[in-house]
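Let me begin by presenting the structure, written as C-alpha cells, before commenting on it.
The values are calculated or read from the model by the stated rules, or taken from the named source; none is laboratory data. Quantities reported herein were computed from a predicted structural model and do not represent experimental measurements. So basically every Cβ, Gly included, is an ideal-geometry build from the backbone, and we count neighbours across all protein chains shown. When the accessible area is computed, the model is the full protein with side chains, heavy atoms only, and any ligands, DNA or RNA have been set aside. Shrake-Rupley method; radii C 1.70, N 1.55, O 1.52, S 1.80 Å.
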Amino acid sequence: MFSLSSRVFSRCNIQSSILCIVHCKHCTTSQKSRQPLQSDNLNSPQKNDFYGQPTPYTHPHLMKEGELIPGIELNEFKERRNRLMHKVVSTTHNRYHLAVIPSAPKIYMTEKIPYVFRQNSDFLYLTGCMEPDSVLVLSGDSSENFKSTIFLRKRDPHSELWDGPRTGVERAPTFFGVHQSLPISELKLFLMSHMKSYPGLVLWYDYLNAVNTEVHSVMTSVIDGANGKQIWESPRYFTHQLRLIKSPVEQRLMQESCNIASTAVSKAMAVTRPGITEHQLFATVDYESRMKGAEILAYPPVVAAGNNATIIHYINNTQQTQSGDMVLMDAGCEYHGYVSDITRTWPVDGKFTDPQRVLYEIILALQLELIQISKNFPSLDDLFHFMCRSLGYKLDEAGVFSSNVPKDKLAQVAYEFCPHHVSHYLGMDVHDTALIKRSIPIKHGMVITIEPGVYISKNNVLARPEFRGMGIRIEDDILVTDSGPVVLSALCPKEIDEIEKIVSSSTY
Ligand code: GLY
Ligand code: MN
Ligand code: MN
C-alpha cells in the first residue's frame, strides 16, 4: 500500500499521501483503475501465515476456503458494506459521505490482565475483522464508487509476542476485501483531510454511543475542528436495518447456535437432582456449549432455583437447590458471532407439583399460541399485548388470583405477574438491533424470541399461597419465514412429559 501512496504522491502536489490515496480529486488518475493496486501483489492467506484471527489454513476445523469468518464468505461482507453505503448516500445525493464504524477496544480487568475480547457487532458485521482498536471508514458520494478503508494496529513483533499475531495494514486489503488499509495512528489525519476537501461532508458516526474511547476522542477533535460546518449522523440505524434480516448463511449459524444451546440446556436438566447448586448447573451449560463448538455463553445465564426465579435478572447463581424447587435457566451461547437465547423451567425432583404444573401449563399453552400467532406477521408489541391479555385471562381461569380481578383489569394485573416484554430480535447480540422498533411487523429472515413468563414471589399477596415462590419462563428462538415460524431451539424439550423424563433420569 505504501508503494501506492508514493506513486500517487509523486503525481500530486498535496502534502499528505493519505489525502491523496483516498479521494484523489487533485490527481487525474481514476479511482477505479487504482483500487486494486494495493492488494495486487499480496496473496490470500496461506498455510503458515498467521493473521489476527483464524483463517481456513490455520483453523481448517472451523472454516472453509473463501470464508473470512467461520461460515461467512468474504463477498458477503463486501455486499453488506455496499448496502450500507447505498442507504447512507441515498439520504443526500449531492454530498460526500464518510461513515466511521469503530471496533471494540481491548478492555483490562486489572493491570495487564485483559477481559476476553468481544468485537463490536456492527463492526464485525461490516468487516469480519476480529481485532481490537480498528476502525472501518466508508466514503463516497454514490454507492457505486464508494471506498472502504480499514484502520488497524500496525504489526509489531514485541506486541505480537505477547498478544498473538496481527493482520497488519499490508495484508488487510486482500484479507478483508477492502480498498485500502492504514495504521490506526493515521485516522485523525485521514479524517481531517477529508473534512477539509469536502466542506459539506456528512459524517456518519455514532457520537452519542461511543464504543471506543480512543476513537471517540479522535472523532471529538475532528468534529470540534470542523467548527460546526459538517453534518453528523449516526450510521447505526441503517446497520441495524441490515442486521435485522438474516441472510441464509446467518440463518444457518443461528440454527447451529440454537442447536448447541438446546443440547446444553437439556444436559443441565439431565444432571439436575435436589441439592445440586445453581452454580453447578451454570457450569454444565457452559461446558456443554463449549464442548459442542460455541466460543462462549451469550450472556451471564440466569440459573435460579425456587423463589430466586422470581428475580428476572438473577445471575448470582450461588444457591443450592432443594427438593420441591423448580429451576429456571435462561442461557444461550455464541457461535461464530451469532447467539441463542433459551429459557426452560423444570422441577429438581423430576416431577412438577400440582401448583407448579398449573402455572407451567398456562405458560406453555401461551407460548405455543404466541408461536402460532407469529405466522400472521404481527409486531413484537402485538405479541406482547396478546400475552398480557391471554395471561390475565388464563391466571384468572386457573384461580391463581387471591381476590376477584375485574375482567377489564386482567391484562394490567398480568403485567405485574410478567413485567417484561415477550419478544426481542436476536442475532449477533442478544437484544439485537436495538434501534429497530418493536412496533413494526415481523418479516421473513428476522429471528425473534418468544418468551412469556410468570413470576410470583413468596411475598406476593395477589396470588393464592400455593402459587407463591415460583418463577416460570419458556423462551424459544424463532426464525420468521414466509412459510411459517421455524423454532430454531426445538431440540430443547419443553413438554411436561419430556422434561419429567429427562430430569428424573438424572445422570449426575
Ligand atoms: N436472556 C435475556 C433475555 O431473554 O432477554
Ligand atoms: Mn430473550
Ligand atoms: Mn433469555
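Does Lys407 count as touching a Phe, Trp or Tyr at 6+ places or on another chain (Cβ under 9 Å), charged (D, E, K, R) and free of Cβ contacts under 8 Å to residues at least 60 places away in the same chain? Judged against the criteria, Lys407 is a match. Screening Leu380 on (1) in contact with a Pro (Cβ under 9 Å, 6 or more places away or on another chain); (2) within 16 Å of ligand 1 (Cβ to nearest atom); (3) more than 25 Å from Gly306 (Cα to Cα) shows it passes everything except condition (1). The condition of being of a type outside the set (Asp, Glu), open to solvent by 40 Å² or more (accessible area, probe 1.4 Å) and closer than 14 Å to Tyr96 by Cα holds for Trp232. Per the listing Asp354, Asp286, the residue uniquely within 16 Å of ligand 3 (Cβ to nearest atom), over 20 Å from Cys418 (Cα atoms) and out of contact with any Cys (no Cβ under 6 Å at 6 or more places or on another chain) is Asp286.
Number of residues in the range 326-367 that are acidic (Asp, Glu) and either within 15 Å of the chain's Cα centre (by Cα) or open to solvent by less than 10 Å² (accessible area, probe 1.4 Å) (or both): the value is 2. Looking at this structure, is His421 open to solvent by 40 Å² or more (accessible area, probe 1.4 Å), under 19 Å from Cys333 (Cβ atoms) and either assigned to a helix (DSSP H, G or I) or within 13 Å of ligand 1 (Cβ to nearest atom) (or both)? Here the answer is no, as His421 does not meet what is asked. Among the residues of the range 386-409, is there at least one that is within 16 Å of ligand 1 (Cβ to nearest atom) and among the β-branched types (Val, Ile, Thr)? Within the range 386-409, none of the residues are within 16 Å of ligand 1 (Cβ to nearest atom) and among the β-branched types (Val, Ile, Thr). Residue selection: Ser340 fails the criterion of being more than 16 Å from ligand 2 (Cβ to nearest atom), closer than 26 Å to Leu359 by Cα and hydroxyl-bearing (Ser, Thr, Tyr).
Please specify each residue of the range 424-448 satisfying the condition of being surrounded by fewer than 16 Cβ atoms within 10 Å (Cβ to Cβ) and either within 16 Å of ligand 3 (Cβ to nearest atom) or aliphatic (A, V, I, L, M) (or both). Passing the criteria: His431, Ala434, Leu435, Ile440. Within the range 294-323, if we keep just the residues that are open to solvent by less than 80 Å² (accessible area, probe 1.4 Å), of a type outside the set (A, V, I, L, M, F, W, C) and within 15 Å of ligand 2 (Cβ to nearest atom), the residue that is farthest from Tyr335 (Cα to Cα) turns out to be Tyr314.
Restricted to the range 150-215, the set of helices (runs of 4 or more DSSP H) holding at least 1 residues that are surrounded by fewer than 19 Cβ atoms within 10 Å (Cβ to Cβ) and among the aliphatic types (A, V, I, L, M) comprises 157-163, 187-197. The set of residues in the range 260-293 being open to solvent by 10 Å² or more (accessible area, probe 1.4 Å) and in contact with a Ser or Thr (Cβ under 8 Å, 6 or more places away or on another chain) consists of Lys267, Ala270, Val271, Arg273, Pro274, Gly275, Thr277, His279, Glu288, Lys292. Could you go through the range 318-325 and let me know if any residue there is part of a strand (DSSP E or B) and either within 14 Å of ligand 3 (Cβ to nearest atom) or touching a helix residue (DSSP H, G or I) at 6+ places or on another chain (Cβ under 6 Å) (or both). Scanning the range 318-325, I find no residue that is part of a strand (DSSP E or B) and either within 14 Å of ligand 3 (Cβ to nearest atom) or touching a helix residue (DSSP H, G or I) at 6+ places or on another chain (Cβ under 6 Å) (or both), so the answer is no. Among the residues examined, Tyr96 qualifies as touching a Ser or Thr at 6+ places or on another chain (Cβ under 9 Å) and either on the phi < 0 side of the Ramachandran plot or touching a residue at least 24 places away in the same chain (Cβ under 8 Å) (or both).
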